[in-house]
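Trainee: Pasting in a structure now, in structure tokens, and then I'll have a few things to ask.
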Amino acid sequence: MKNILLLQTGGTIAMHIDQGESELNPDRWGELLCREIPELEDIARIEIRKVFFEDSSDINHTHWATLCRTIADHYENYDGFVVLHGTDTMAYTASALSFGLQGLTKPVIMTGSQVPMSNIRSDARRNLVNAIELATHPIPEVAVCFNDHLFRGNRSTKMSIGDFDAFASPNFPPLAEIGIDIRLASNLIRLSESSLSCMPEFSDSVAVIKLHPSLKPDLLMSMDFSGLRAVIIEAFGSGNMPIKGLYNMLPFIELCRSKNIHVIITSQASHDSVDLSLYRSGREAQKLGAIGAGDMTMEAAVTKSMHLLSFALAENDFKLQFERSIAGERS
Ligand code: ASN
């Protein structure tokens, strides 16, 4: 029987409905789990560890670092890891872990739920049982298990607030589908030839700007640029932006570049890939040094920039690293 370490970080899956109120309750959680799902013991030998206990909106890069270190510290003693996490920022944490824990030879499966475990119609039980079962399989990746699907972590994104089918992986097929049997897409699962390398540092000098018609670049030009090392512009379509009159974004990109701030272009369309060569605005941005994010999710683009900025990379090396796949995050 495999040994699995279950890491608790908070989120709805850990909530307990008490007198009509949902509260994060770290102490009740372990007790509830053992009482309500005794059959977990038939799947694996499970040890539970509380790493922290947060609504996932309060999770930041320091929590990612703690998770990376916790997994690395216990790596030799377990066959797989399951991370219980709030759904709101799970895709960010999954992406961050994929960059912070490279060369994985064991599964790191993240899951959570839309409804607290103690609620009769909760999805927590199914997601947790599936995640633990998957952590016993040969899946040496950081992945998100939700509603009978397993997605590569750095390809996943939260799509729904109210649906049990809360996650999707718009530009990469699921790594597994869970029905009567578990169907692994073995041809898609990354195999590591190296050993684990834990890189828990992430820079927080990154900001995302979402374009919309009539967004005034003047507002952006007057912001405080100190402490900023990368700007991610969530542009339209294949990476397009206004380039005429009052709303021309190119002077803003030029200003960022003159301050050695990396400019990365992602898209508001989640399917398919940014291609800056397709239209004039993309080509102009590219000439100024903007980098296209390809088919990466926003979560992957943000965490990858934060990861790369933690190294003292030369300008061109940042671009080279950003444009290649480090952990299967882009095609
Ligand atoms: N607010 C919760 C969280 O992300 C949402 C959830 O887990 N379903 O922590």
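The values are calculated or read from the model by the stated rules, or taken from the named source; none is laboratory data. None of these values were measured; they are calculated from a predicted model. When we count neighbours, we look across all protein chains shown, and the Cβ atoms used for this are built from the backbone with ideal geometry, even at glycine. All accessible areas refer to the heavy atoms of the entire protein, side chains included, with ligands and DNA or RNA removed. Shrake-Rupley method; radii C 1.70, N 1.55, O 1.52, S 1.80 Å.
Trainee: Label SER258 and SER270 with points 7 Å out from Cα along Cα→Cβ: what is the distance between them in nm?
Mentor: Result for the modelled spin labels: 3.8 nm.
Trainee: Counting only helical runs of four or more DSSP H residues, what would the 222 nm mean residue ellipticity of the chain come to if each run contributes -39,500 (n - 2.57) and the total is spread over all its residues?
Mentor: That comes out to -8000 deg cm²/dmol.
Trainee: Given the options TYR92, TYR279, TYR75, state which has the largest fluctuation in a GNM of the chain using a 10 Å cut-off (strictly under) for Cα springs.
Mentor: TYR279
Trainee: Counting only DSSP beta bridges with both residues in the chain, tell me the antiparallel percent, nearest 5.
Mentor: 35 percent
Trainee: So, one more: Please give me the summed charge of the neighbours of MET296: other residues whose Cβ is under 15 Å from its Cβ, Lys and Arg +1, Asp and Glu -1.
Mentor: Its environment carries a net charge of -1.
Trainee: Note down the relative contact order for the chain as a percent, whole number, built from C-alpha pairs under 8 angstrom at least six residues apart.
Mentor: 15 percent
Trainee: Give the shape of region 53-210 as rounded, prolate or oblate, defined through the alpha-carbon gyration tensor: a ≥ b ≥ c are the square roots of its eigenvalues, a/c under 1.5 means rounded, and otherwise the shape is prolate if a/b is larger than b/c and oblate if not.
Mentor: rounded
Trainee: How many angstrom separate the Cα center of region 124-161 from the Cα center of region 275-315?
Mentor: 28 Å
Trainee: How do 269-277, 177-185 rank on mean C-beta neighbours within 10 Å, highest first?
Mentor: Ranking, from highest mean packing down: 269-277, 177-185.
Trainee: Highest GNM mean-square fluctuation, the chain, Cα pairs closer than 10 Å: which of VAL108, VAL144, VAL129?
Mentor: Result for the chain, Cα springs under 10 Å: VAL129 fluctuates most.
Trainee: Given a 1.4 Å probe and heavy atoms of the protein chains only, how would you sort GLU315, GLU284, largest accessible area at the top?
Mentor: Largest accessible area first, the list is GLU315, GLU284.
Trainee: If the limit is 19 Å between Cα atoms, which of LYS158/LYS319; LYS216/LYS244; LYS158/LYS210; LYS244/LYS319; LYS210/LYS287; LYS106/LYS304 go over it?
Mentor: Long pairs (Cα-Cα over 19 Å): LYS158/LYS319; LYS244/LYS319; LYS210/LYS287; LYS106/LYS304.
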